[in-house]
Amino acid sequence: MSAQTLSPLASAGTTTSNEAADSFLGRWGALILLIGFLGIPLLALLVFSFATAWSGTVLPSGYTAEHWIGALTSSDVLSAVGRSLFLAVAVCLINWVLVIPAAYVSVVVEPRIRPWFQALSVVPFALPWIVIAAGMQLTVKEIAPGLFGTVGLLVLTLSAVTFPYLYWAVENSLITNNAKQLSEAARMSGASLPRTLLQVIVPAIRTGVMSGSLLTAASVFGEFPITMTLIGGGYETLPLWTLRMFSGRVPGAGAELAAVSFATFALLFAVSLLITRIDTTSKPADPVRPPARIS
Amino acid sequence: MGNVSLQHITKSYGTNVVLDDLSLEIGDGEFVSLLGPSGCGKTTLLRTIAGLQHFDAGRIEVDGVDVTDLPPQRRGIGMVFQQYSLFPNMTVRRNIAFPLQACGMKSEQISQRVDEMVELVGLTEHQHKRPKQLSGGQQQRVALARALAPHPRMLLLDEPLSALDAQVRNHLRDQIREIQRKVGITTIFVTHDQSEAFALSDRVVLMARGEILQAAAPSEIYARPKRIEAARFVGHRSEVDIEARNGRLRWGKVFDLPSTFADGTRVTCSFHGERVRVSPDPHSQPGWARATVIHRTYLGSVSQLRLRPLESDTEIVATVTGTAAELIHDDAQVALRVDEQDVNVYESGQLIAAGGSAR
C-alpha cells in the first residue's frame, strides 16, 4: 500500500507513533545527556579509585580495593571527616536557630523586612569567601581577641556565609505552605508562638529545612578558603586533607583521594535521595485503615 | 455568653480609610453576617475582632470585657478561614485536638471532646485521615470542629464557603446553621454572597467603603434598604428618577404613587425585579404599561428580562417564573405593572418612603 492510499485512521496511527517517538526522545534524551555529562566523570573517579595503575590505556591495567581500605581506615581521613562533620552539624544547628525564626518573621510577621533579608542573603555570593574570612579575622582581632584562630570563629564564619542556602529554602517553603494562614489558625487555636513554630510551622516546611540544611552541610563539607585563612592546618578538615594529599605528591594518594571524594559524593547523594523520599512518602499521611474483612 | 460591642473602630492605610468610625452591638447567640462587595472592609473588621488586625482607634468588648489589646490566642474566639488552614502534618483528630492541647486540657478530656466534635461535624469515618485526603467540604468541617472544640465565646467565619462548589456549599451552609443553633454560639460570618447571608443570619450588616449602610433582619434589608447604595447591592432592583407632580409620583402606566412632595422634587424610585408584574400579551391588561423585551436570560427556575417601557429610555429588569417566561422572547411586546406598595422612594440617597406611603 502506498503512502497516498493510507486510510485516515492509518495516517493517524503513524502520526501517533511519530509523536510517541518524539515524546520519548524529548523525555529521555535530555536525561540521558545529563546523566552522561555528570556520570562519566564520576564513573572515571570510581574506576580510578579501584585502579592499580591507569596510564596510557583506555581502562586500568588492574583493580584493587586497597585504596578504599587504606582511605577508610586512615586515622587522618577519619579525623578529617569527623572535623568536617562536626562543622557541618554545628553550622546547621546555628543556622536552624537563627535563620528559621528570621525567615518566619520576614514572611509571616513583618513582610516589609523581607527585601532586607533577601539583599543580605546575596552578600555571601557576591563577596569572595576569602575576603569575608579576612574581614572576620580583622574584626575579631579588635573586638573579641579570644576568638581569634579558634574553631568557634570558624563555625560562626561558616554559619554566616552559608545562611542563604537555608534562608532561601525556608522562605520559599513558608510561602508555598501558606505559613501566614497556618500561623493565624494556630494563634486563633490558642497556641503560643513557640508551639506554633514547633508543632505547626516547622513540620509544614520540613522539606525546605531539610533541603536547605543539605546544601549548607554540603558546602561546609567542601569549604576550603575560610578554614585555611582562619585556622590553617591546625584543624585539618577533609578539604585540607585533600590539599595535603595533592601537594605532598604521596604515591597512591590520588587513588585514595578519589575513593574519599567518591564516598563523600555518595553520602551526600544518599542523604539527598532520603530527603526526597521522606517528602514524597509523608504526603499521603496516616495509614488509612483497611476495610474490615468479612469472614 | 458572647456579647460583642464594637465601638468607633477606625482603620486606615495612609489616606485609604478601611473602617470608618464603625460601631456595632452583637447579642449572645446571634448569627450576624457582614455582607458587602469586595474591599468594603468586612474581612478587615472580622480580623480586627479576632485580634489579627491592628486598628487605629476604637474599642472592642466581649462580654463586657475590653479585649482591644489582647492577643488573638487570649480572646477565646474560634475562627474558620476561607482556605481551611488545617495543619497538613496532623490528622483530623490531631487538628481538632490542637486547641485543646494549647489550653492545657487533660488527654482523656481531649479525647472525649474530639470524639464529640468529629461526631458533630459527621467526620467519624475520616478522623484518622490527613487534610490532603479530604474533600474541600470535609476540610472545612474539620476547620469548624477545630474552631468549636475549645468552647469559644464566639465563632468567626471568614468566607468559609467561597472555595467550595455550589452543591457542597449549599449543604455546608445548612450544616453550619444547624451546628450554630445546636451549640448556640455567637457567630459572625463574612460573605459577599447575599443568598448565603440571608439564609444563615438573624441579622445582616450591610457594608460599603468601610461603613455600615444598614444592620437589620434579612427580610428588612431585602425589602426596605435604607440607602440607595444598599438597594443597589441587594437583589436585582431597577431605579427610575421621577419628578413629583400634582401630589403623585408617576412613571407612565408602570406605577403611580400618592406623594406629598412639592412639585418638581426629584426622587429615585426603586423596585425589585420579581415585583414587576409581566403579562406576555401586551393588550391583555388595559391599565398596564407596554414594553419591549430587550433581552431574555434563561436562568432555569426563573428568567430575567431586560425591558424598556414604550415612550421611555430607561431600562428595567423583571424576573419572571413558570410558563410565562417561556412565552416571552427577545423583541416581543409585553404588558407590565409595578404595584405601589413595592416601590421604595429615595431622596438624596436615603429611603424616604416605602410603597404607598410616599411623603
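Annotations for the structure displayed:
- Looking across B:Gln83, B:Gln53, one residue alone is closer than 22 Å to A:Ala185 by Cβ, surrounded by fewer than 21 Cβ atoms within 10 Å (Cβ to Cβ), among the polar types (S, T, N, Q) and in contact (Cβ under 8 Å) with a residue 60 or more places away in the chain. It is B:Gln83.
- The strands (runs of 3 or more DSSP E) found entirely in the range B:138-254 that carry 3 or more residues being among the hydrophobic types (A, V, I, L, M, F, W, C) are B:154-158, B:186-191, B:203-208, B:211-216.
- Breaking point among (1) surrounded by 12 or more Cβ atoms within 10 Å (Cβ to Cβ); (2) assigned to a helix (DSSP H, G or I), for A:Ala119: (1)
- With respect to the stated conditions, B:Ser12 fails to be assigned by TED's automatic domain parsing to the domain that holds B:Ala149, under 30 Å from B:Lys129 (Cβ atoms), without any contact (Cβ under 8 Å) to a residue 60 or more places away in the chain and among the polar types (S, T, N, Q).
- Taken as a whole, the condition of being in contact with a helix residue (DSSP H, G or I) (Cβ under 6 Å, 6 or more places away or on another chain), away from chain A (no Cβ under 12 Å) and at pLDDT 95 or above applies to B:Ile110.
- Among the residues of the range B:4-40, the ones that are in contact with a strand residue (DSSP E or B) (Cβ under 9 Å, 6 or more places away or on another chain) and among the polar types (S, T, N, Q) come to 6 in all.
- The residues listed here are B:Ile96, B:Ile49; of these, the one that is within 14 Å of another protein chain (Cβ to nearest Cβ) and under 28 Å from B:Ala231 (Cβ atoms) is B:Ile49.
- Residue count, the range B:41-69 (criterion: outside any helix (DSSP H, G or I), touching a strand residue (DSSP E or B) at 6+ places or on another chain (Cβ under 9 Å) and of a type outside the set (S, T, N, Q)): 16
- In the set (1) crowded, with 21+ Cβ neighbours inside 10 Å; (2) within 14 Å of chain A (Cβ to nearest Cβ), the condition left unmet by B:Met207 is number (2).
- Cβ-Cβ contacts under 8 Å between residues 6 or more apart (or on different chains), taken from a first residue in the range A:109-131 that is of a type in the set (Ser, Thr, Tyr) to a second residue that is surrounded by 10 or more Cβ atoms within 10 Å (Cβ to Cβ) and in a helix (DSSP H, G or I), are listed as A:Ser121/A:Phe163; A:Ser121/A:Pro164; A:Ser121/A:Tyr167; A:Ser121/A:Trp168.
- Residues (of a type in the set (A, V, I, L, M, F, W, C), under 28 Å from the mean Cα position of the chain (by Cα) and within 12 Å of chain A (Cβ to nearest Cβ)) located in the range B:52-93: B:Leu52, B:Ile77, B:Met79, B:Val80, B:Phe81, B:Leu86
- Scanning the range A:173-196 for residues that are free of Cβ contacts under 8 Å to residues at least 60 places away in the same chain, more than 8 Å from chain B (Cβ to nearest Cβ) and crowded, with 17+ Cβ neighbours inside 10 Å yields A:Ser173, A:Thr196.
- Any hit, the range B:23-43, residues being crowded, with 19+ Cβ neighbours inside 10 Å and over 21 Å from the mean Cα position of the chain (by Cα): no
- Scanning the range B:122-138 for residues that are in contact (Cβ under 8 Å) with a residue 12 or more places away in the chain and within 12 Å of chain A (Cβ to nearest Cβ) turns up B:His126, B:Gln127, B:His128, B:Lys129, B:Arg130, B:Pro131, B:Lys132, B:Leu134.
- Single unsatisfied condition, A:Ser211 versus (1) farther than 30 Å from B:Val80 by Cα; (2) at pLDDT below 85; (3) polar (S, T, N, Q): (2)
- Residue within the range B:108-121 that is under 29 Å from B:Thr43 (Cβ atoms) and free of Cβ contacts under 8 Å to residues at least 24 places away in the same chain present: no
- So B:Gln140, is it polar (S, T, N, Q), modelled with pLDDT of 95 or more and assigned by TED's automatic domain parsing to the domain that holds B:Glu211: no
- Test: residue in the range B:159-172 that is modelled with pLDDT of 95 or more, crowded, with 17+ Cβ neighbours inside 10 Å and among the basic types (Lys, Arg): no
- B:Leu148 meets the conditions (1) within 12 Å of another protein chain (Cβ to nearest Cβ); (2) over 24 Å from the mean Cα position of the chain (by Cα); (3) touching a residue at least 60 places away in the same chain (Cβ under 8 Å) in every case but one. The failed one is (2).
- The residues of the range B:90-117 that are in a loop (DSSP other than H, G, I, E, B) and either surrounded by 19 or more Cβ atoms within 10 Å (Cβ to Cβ) or aromatic (Phe, Trp, Tyr) (or both), listed by number, are B:Met90, B:Thr91.
The values are calculated or read from the model by the stated rules, or taken from the named source; none is laboratory data. This is a predicted model, so every value here is computed, not measured. Reconstructed Cβ throughout: ideal geometry from the backbone, glycine too, with neighbour counts over all protein chains shown.
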